[in-house]
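Asks: Questions regarding the structure given below will be posed in turn.
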Amino acid sequence: MTKTVAAVLWDFAWTLMAPEPTGRWLARGLAEAGVQVQAEEQAAWAAKAAAAGFPGPATPRRDLTPDQLAAWRHRALGPEIHEAVYRDLLERAGLPWPQAAQALYRRHMTADGWQRYPDAVDVLKRLTAAGLACGVVSNIGWDIRVPLDSAGLLPYLGTVVCSYEEGVRKPDPALFAIACERLGVDPARTLMVGDSPHADSGGEALGIRTVPVSKQPPDCRPAGLLPVLAAAQLR
């Protein structure tokens, strides 16, 4: 017999929120750094930046050495390695504005650098109104509470568990266990919603049921979270 769902855990990137488009990230980062660029040149470099994995988090489409790939996969375990990996990617992308590197790096960690999925507030509100606990479990190298708060999502989250703060990353079940413990819920009565079949299914070892969502920009996925309500037996 299926147990009643008591909690829903959420991934952050490409689930509740998505990074701004590469072109906007580049334009606003350059503007913050005081760099003026012709529109045509900026568009060409935006395409190159997207191929290099910016603004993230997206695995770079360019070839990585084994060491670079290992660093990329572990970037969410601490702010220092996160910044080092990001800056290495900026350098390898060949963007010709070294004076803008800091602004571009900081830009993707601001509230303005992220977009909320259209149905996120409504779904979280309905879940919490029905008495279900909600929390975030994210592989991330910086504090996502600022964009979550700016987007109006933080008040519905009982906990935000970040890999860089815990020293462990998904799919390790330990990260999911931390979230369940903080929410005071049984993993067997918990759902995990996320876009990564590999990382977000790590909680299944504890009895957590995975609910996948597609990795698409917010304007292409306006109602992608609504199936979570059915999975939580609310509709």
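The values are calculated or read from the model by the stated rules, or taken from the named source; none is laboratory data. From a predicted model like this one, the values you see are computed outputs, not experimental measurements. Because the Cβ atoms are built from the backbone with ideal geometry, glycine has one as well, and the counts that use them run over all protein chains shown. Side chains are part of the model used for accessible areas, which takes the heavy atoms of the whole protein and leaves out ligands, DNA and RNA. Shrake-Rupley method; radii C 1.70, N 1.55, O 1.52, S 1.80 Å.
Asks: Being open to solvent by 80 Å² or more (accessible area, probe 1.4 Å) and farther than 23 Å from V37 by Cα is the filter here, so list the residues in the range 96-119 that pass it.
Replies: R116
Asks: Still on this structure, I have one more. So, of the residues in the range 205-235 that are among the β-branched types (V, I, T), open to solvent by less than 30 Å² (accessible area, probe 1.4 Å) and in contact with a Ser or Thr (Cβ under 8 Å, 6 or more places away or on another chain), which turns out to be nearest to V161 (Cα to Cα)?
Replies: We begin by selecting, within the range 205-235, every residue among the β-branched types (V, I, T); these are 208, 210-211, 213, 228.
The next check asks that each one be open to solvent by less than 30 Å² (accessible area, probe 1.4 Å); those that pass are 208, 211, 213, 228.
Of the ones still in play, those that are also in contact with a Ser or Thr (Cβ under 8 Å, 6 or more places away or on another chain) are 208, 213.
On the way: I208: 16, V213: 20 Å.
Here the answer is I208.
Asks: In addition: Enumerate the pairs (first residue in the range 1-28 and closer than 19 Å to L154 by Cβ and assigned to a loop (DSSP other than H, G, I, E, B); second residue anywhere and acidic (D, E) and open to solvent by less than 20 Å² (accessible area, probe 1.4 Å)) with beta-carbon separation below 6 Å, excluding pairs fewer than 6 apart on the same chain, so at least 6 apart or on different chains.
Replies: Between residues of the range 1-28 that are closer than 19 Å to L154 by Cβ and assigned to a loop (DSSP other than H, G, I, E, B) and residues that are acidic (D, E) and open to solvent by less than 20 Å² (accessible area, probe 1.4 Å), the close pairs are D11/D200.
Asks: Filter the range 181-204 down to residues that are surrounded by 14 or more Cβ atoms within 10 Å (Cβ to Cβ), in contact (Cβ under 8 Å) with a residue 24 or more places away in the chain and farther than 21 Å from L234 by Cα, then give me how many there are.
Replies: 8
Asks: Follow-up. Of all residues in the range 29-56, count the ones that are of a type in the set (G, A, S), assigned to a loop (DSSP other than H, G, I, E, B) and open to solvent by 40 Å² or more (accessible area, probe 1.4 Å).
Replies: Residues flagged as of a type in the set (G, A, S), assigned to a loop (DSSP other than H, G, I, E, B) and open to solvent by 40 Å² or more (accessible area, probe 1.4 Å) within the range 29-56 amount to 1.
Asks: Any idea which of (1) open to solvent by 20 Å² or more (accessible area, probe 1.4 Å); (2) of a type in the set (A, V, I, L, M, F, W, C); (3) in contact (Cβ under 8 Å) with a residue 24 or more places away in the chain is the one W142 doesn't satisfy?
Replies: Among (1) open to solvent by 20 Å² or more (accessible area, probe 1.4 Å); (2) of a type in the set (A, V, I, L, M, F, W, C); (3) in contact (Cβ under 8 Å) with a residue 24 or more places away in the chain, the lone unmet condition for W142 is (1).
Asks: Additional query: State all residues of the range 149-164 that are farther than 12 Å from W10 by Cα, buried (at least 17 other Cβ atoms within 10 Å of the Cβ) and at pLDDT 95 or above; if no residue qualifies, say none.
Replies: A151 - this is the single residue of the range 149-164 that is farther than 12 Å from W10 by Cα, buried (at least 17 other Cβ atoms within 10 Å of the Cβ) and at pLDDT 95 or above.
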